[in-house]
Amino acid sequence: MTEQEVKLQLAEIIGTWVAAIAVVVGGIFGMFQFLEHKSALRVDRTMAFVERYHANNLLVEARLKVTDVISRRVEDINEVLKDPNVQPDKLASLYNAQVVQIVKEESLSSALEQLFTFYEQILMCRKMELCEAEVAENFFDTDGQAYLLTFYPYICHIRSEWHNPKQYEKIVTYYLGESTEICN
């Protein structure tokens, strides 16, 4: 084999390796581009939920109505919680009855159902990895947990009334934990 043939074979081997390395590097670059694009899509979907939360008249009115009622009726709830004559084992049932009574008197059922349904939708989007979890957490989790902690007695009431023990299970599980039973 001549020196020219050796150089030719060496060039062919080096060319093959360079091409293989270029394909691998290009594939890695393409994968990062794809993942970045996928993440941007998740953020866009999450921001669509944020826009809906702040611009959809039904959701905005529901949030405003719930906030207004709670600010006006917080003393009714506090009276139950601070009553020295109430035995500790009766406190939870009295609180639950008071919250359900407020929901009925103030016609909050529709507003709460809209809010709880919205929170279930955003949680489903997160679970399916269609929405960006961290963005959704920052925009929705504080409100969602606050509504749930205040109005869980209403959820128990409709579970009983509708004979559906799984109603709003996604938000209860997410905000309170897997093994939490709110309706005793």
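Every number here is computed from the coordinates shown, using simple stated rules; none is lab data. If you're wondering where the values come from, they're calculated on a predicted model, not measured in any experiment. Virtual Cβ from ideal backbone geometry, glycine too; neighbours counted across all protein chains shown.
Label positions at Lys166 and Thr117, each projected 7 Å from the Cα along the C-beta direction, are separated by 1.8 nm.
Fewest to most neighbouring Cβ within 10 Å: what's the order for Arg126, Arg72, Arg45?
Neighbour counts put them in this order, fewest first: Arg72, Arg45, Arg126.
Label separation (Gln4 vs Asn184): 9.5 nm, computed from points 7 Å beyond Cα along the C-beta direction.
FRET efficiency for the pair Met124 and Glu51, taken as 1/(1 + (r/R0)^6) with r the Cβ-Cβ distance and R0 = 25 Å, rounds to 0.90. Between Asn85 and Ser109, the FRET efficiency estimated from the beta carbon spacing at R0 = 45 angstrom works out to 0.90. Only Lys, Arg, Asp and Glu carry charge here, each on its Cβ (+1 for the first two, -1 for the last two); on that basis segment 56-147 has a dipole of about 220 debye about its Cα centre. Bridgeable aspartates and glutamates around Lys170 (alpha carbons under 17 Å apart, same-chain partners fewer than 8 residues away excluded): Glu113, Glu120, Glu129, Glu137, Asp141, Asp143, Glu178, Glu181. Protection proxy ranking of 145-151, 101-107, by the mean of other Cβ atoms within 10 Å over each peptide's residues and highest first, is 145-151, 101-107. Computed FRET efficiency, Cβ-Cβ of Asp141 and Ile77, R0 22 Å: what is it to the nearest 0.05? So the FRET efficiency works out to roughly 0.45. For segment 47-176, the square roots a ≥ b ≥ c of the C-alpha gyration tensor eigenvalues yield an a/c of 1.5 or more together with a/b exceeding b/c, which makes the shape prolate.
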